[in-house]
Amino acid sequence: MKFKKTYAYAFWSALYLTLLFVIIAALSYFYFRDFLGNYTILVDILFFFLISFFFIQYRAEHFIYRRLKKIYNDVSILDEKKLKKDSTITDIDNISKSMEEFVEGKRLEIKSLTERDSFRRDFLGNVAHELKTPLFTVQGYILTLMEGAINDKQIRMKYLDRANKGVERLVAVIKDLDMIAKLETESLKLNIEVFNILELIQNVFDLFEMKAKKRNISLKFDRIYEFPVFVKADVEKIEQVLINLVVNSIKYGKPNGTTIVGVESYNDKKFIVKVIDNGEGIQKQHLSRLFERFYRVDQSRSREQGGSGLGLSIVKHILEAHDENILLKSTYGEGSEFSFTVEKAK
């Protein structure tokens, strides 16, 4: 029959104390009775109390110490060297705190792993969807051509053009995924240099002038700048940030609207670049998730507008690689303001 640890502890403690009591009683009877007389029993009681006190104290500390030592060995977060045998009883509170911290840490770790697993499933589903749509489109047009439509020159050119657009979308998604992967693994090196950010903004305006004209959206600065504004960053990556923000403002801006870009002093070391549109704006429930990969505010309309769904996520990663911040203000129905900081050139 297997006894509990506490039963064994109580049994051996009682046995030892009984033997001690018998020894003390025998000694006092045979050796000290004539000398102590009527005080023999009182002396026996005193001796037995003192010996019992120290014996129980020693046994209790030794028992608890062994149990705590096993806990320290079993739980890697607890350091056995911190366990002192001479203060085991008072260490119980500290052990309880350590265990509570350990449990809380594990709870947060499990929560984080659960969130990551959920994110992984969503991400894989989104990647599959983003790649599947253009792939099936390209496949459909190619099969139609192979089945005889290739002989009709007008249909052939139209289907090839549509298939090419599907391939371009695939290339865009893969490029954006590759860029995010490099940014996250820190394998993308930044080429920091000094440049005039006003000139870079104008280049982006020129690049998307025709795209903006199709929706009758004006691209302009917030004011006339008399002098260049020099910043220190990776010019190609900051250009990518501006492209993504400006293209977003064109996609979701109202027809006959405007996209305004301005540069202001943020503090002694930073400028802040603002991209403001008077488009449809973003509802509050979407703001916290807007920079997630593949997250779309309006799924149906976002598909129509095209793009990989990774633009704002890339913006965030590029700016984090520069140790800069991305900020967002938006009023639903009135428009949005995306802004980011960039280091001033000395």
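Numerical summary
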{"read-out": "Residue among 192, 243 that is touching a residue at least 12 places away in the same chain (Cβ under 8 Å), under 19 Å from residue 341 (Cβ atoms) and surrounded by fewer than 17 Cβ atoms within 10 Å (Cβ to Cβ)", "value": "192"}
{"read-out": "Subset of region 208-248 (residues that are over 24 Å from residue 325 (Cβ atoms) and under 35 Å from the mean Cα position of the chain (by Cα))", "value": "208"}
{"read-out": "Cβ pairs under 7 Å, 6+ apart, first in region 326-346 and touching a residue at least 60 places away in the same chain (Cβ under 8 Å), second surrounded by fewer than 16 Cβ atoms within 10 Å (Cβ to Cβ) and among the aromatic types (Phe, Trp, Tyr)", "value": "345/230"}
{"read-out": "Filter result for the condition that a residue is within 30 Å of residue 316 (Cβ to Cβ), out of contact with any Pro (no Cβ under 7 Å at 6 or more places or on another chain) and at pLDDT 80 or above, over 170, 131, 135, 177", "value": "135"}
{"read-out": "Residue satisfying condition, being part of a helix (DSSP H, G or I) and surrounded by fewer than 14 Cβ atoms within 10 Å (Cβ to Cβ), within set 220, 175", "value": "175"}
{"read-out": "Among the residues listed as 211, 165, 158, the single one being modelled with pLDDT of 80 or more, surrounded by 13 or more Cβ atoms within 10 Å (Cβ to Cβ), of a type in the set (D, E, K, R) and assigned by TED's automatic domain parsing to the domain that holds residue 251", "value": "211"}
{"read-out": "Test: residue 317 is modelled with pLDDT of 70 or more, farther than 25 Å from residue 217 by Cα and either outside the structural domain of residue 222 (by TED's automatic domain parsing) or surrounded by 14 or more Cβ atoms within 10 Å (Cβ to Cβ) (or both)", "value": "yes"}
{"read-out": "Region 271-297 residues that are on the phi > 0 side of the Ramachandran plot and in the same structural domain as residue 252 (by TED's automatic domain parsing), paired with ones that are modelled with pLDDT of 80 or more and surrounded by 17 or more Cβ atoms within 10 Å (Cβ to Cβ) (beta carbon under 6 Å, 6 or more apart)", "value": "281/330; 281/335; 281/336"}
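The values are calculated or read from the model by the stated rules, or taken from the named source; none is laboratory data. Since the model is a prediction, treat every value here as computed from it, not as a measurement. Cβ atoms come from the backbone with ideal geometry, glycine included; neighbour counts cover every protein chain shown.
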